[in-house]
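Notes follow once the structure below has been shown.
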Amino acid sequence: MFSFLRSLLEWPWLLLLNLWNHFYTFALWLQEVRQFYRYPPLIKADLLWMLDYALSSPFALSRKATQKEALPEDLTVYGETPWTTLETLCKDVGLNQEDLFVELGCGTGRNLLFVPLMFACKAQGYELVTRFVDKLRWLLHATQLDSSVEVFCQNWFEADLSQGTVFFLVGTCYSDEHLQLASDKLKEVAKGSRMMTVSWPLPEAEFELLQTKELAFSWGKGTVYIQRRR
Ligand SMILES: C[S@@+](CC[C@H](N)C(=O)[O-])C[C@H]1O[C@@H](n2cnc3c(N)ncnc32)[C@H](O)[C@@H]1O
């Protein structure tokens, strides 16, 4: 009885929070429009992405896949990096056409549409949720980016990361055990690789800290660590 009453009281707050988040993500998208909607390929990519997710939101798809495919819950918590944030980070690490940008957990792959169009580099993405990968393959084909971007439906903990030069990882909700696994795995990247990790830094002994930044994400402000493999 007591817990029923408590959950009844929590409902209005949850609704308010949800509403606030919709306004906040809409404001982030307006900033993207202001900054990037002068580039027709980016407009096309964004509109196709929206069309692809018009009937089922990435949040709902990710939740469904986590339950149905018994994926680890801490790994598959969904959130998005706005293009404005990503552009800042890519400029900070000097991303250029010689680079291979690797997104460790690429979600819907919206960032993988942005990076080759803005920075003319090749990109790779790893993702556990099969539906995201299927949809992304269609998007890459529709935007003619399939020769620039490779996507793998697999756990990046088991991937060969030796070719990447710039890595991006949102591991905000990773459990301590997965954080340890991720840190150990990332020691395999080539010397000089630039790493951008959200919420936690890689061990200083192997990765030199270049910069720390507070930037906007779909869930609010997050700290990004920019490091270089020693
Ligand atoms: C918080 S979302 C971030 C999506 C995207 N990187 C962005 O910043 O907009 C994390 C995504 O990474 C995926 N993911 C997490 N751990 C993974 C792993 N070990 N291997 C492959 N995908 C993973 C999740 O399924 C989820 O879609």
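The values are calculated or read from the model by the stated rules, or taken from the named source; none is laboratory data. Just so we're clear, the structure is a prediction, and the values are computed from it rather than from any experiment. Glycine gets a Cβ as well: all are built from the backbone with ideal geometry, and neighbour counts include every protein chain shown.
Inside segment 136-188, residues that are within 15 Å of the ligand (Cβ to nearest atom), in contact with a Leu (Cβ under 9 Å, 6 or more places away or on another chain) and aliphatic (A, V, I, L, M) make up a count of 11. For segment 64-83, the set of residues classified as away from the ligand (no atom under 11 Å from the Cβ) and either touching a Lys or Arg at 6+ places or on another chain (Cβ under 9 Å) or closer than 19 Å to residue 172 by Cα (or both) consists of 64 only.
With respect to the conditions (1) closer than 23 Å to residue 230 by Cα; (2) surrounded by fewer than 19 Cβ atoms within 10 Å (Cβ to Cβ); (3) away from the ligand (no atom under 12 Å from the Cβ); (4) touching a residue at least 24 places away in the same chain (Cβ under 8 Å), residue 91 falls short on a single one, namely (4). State yes or no: is residue 29 within 12 Å of the chain's Cα centre (by Cα) and within 16 Å of the ligand (Cβ to nearest atom)? No: the conditions fail for residue 29.
Of all the numbered requirements in (1) buried (at least 20 other Cβ atoms within 10 Å of the Cβ); (2) within 11 Å of the ligand (Cβ to nearest atom), residue 219 misses one, and that requirement is (1).
Considering only residues in segment 112-128 that are within 20 Å of residue 161 (Cβ to Cβ) and out of contact with any strand residue (DSSP E or B) (no Cβ under 6 Å at 6 or more places or on another chain), the one that is farthest from the ligand (Cβ to nearest atom) turns out to be 119.
Scanning segment 94-109 for residues that are in a loop (DSSP other than H, G, I, E, B), more than 13 Å from the ligand (Cβ to nearest atom) and in contact with a Lys or Arg (Cβ under 9 Å, 6 or more places away or on another chain) gives 94, 95, 97, 99.
Restricting the search to helices (runs of 4 or more DSSP H) fully inside segment 1-77 and requiring at least 1 residues that are surrounded by 14 or more Cβ atoms within 10 Å (Cβ to Cβ), modelled with pLDDT of 95 or more and acidic (Asp, Glu) gives 2-36, 40-52. Somewhere in segment 194-205, is a residue buried (at least 19 other Cβ atoms within 10 Å of the Cβ) and either among the basic types (Lys, Arg) or in contact with a Pro (Cβ under 7 Å, 6 or more places away or on another chain) (or both)? Checked against the condition, which is being buried (at least 19 other Cβ atoms within 10 Å of the Cβ) and either among the basic types (Lys, Arg) or in contact with a Pro (Cβ under 7 Å, 6 or more places away or on another chain) (or both), segment 194-205 yields at least one hit. Among the candidates 212, 143, the residue that is touching a residue at least 12 places away in the same chain (Cβ under 8 Å), of a type in the set (Ser, Thr, Tyr) and loosely packed, with under 12 Cβ neighbours inside 10 Å is uniquely 212. Looking at 37, 24, just one residue is more than 25 Å from residue 126 (Cα to Cα) and touching a helix residue (DSSP H, G or I) at 6+ places or on another chain (Cβ under 7 Å), and that residue is 37. Just a yes or no: is a residue in segment 65-87 under 16 Å from the mean Cα position of the chain (by Cα), over 29 Å from residue 184 (Cβ atoms) and without any contact (Cβ under 8 Å) to a residue 60 or more places away in the chain? Yes: one or more hits.
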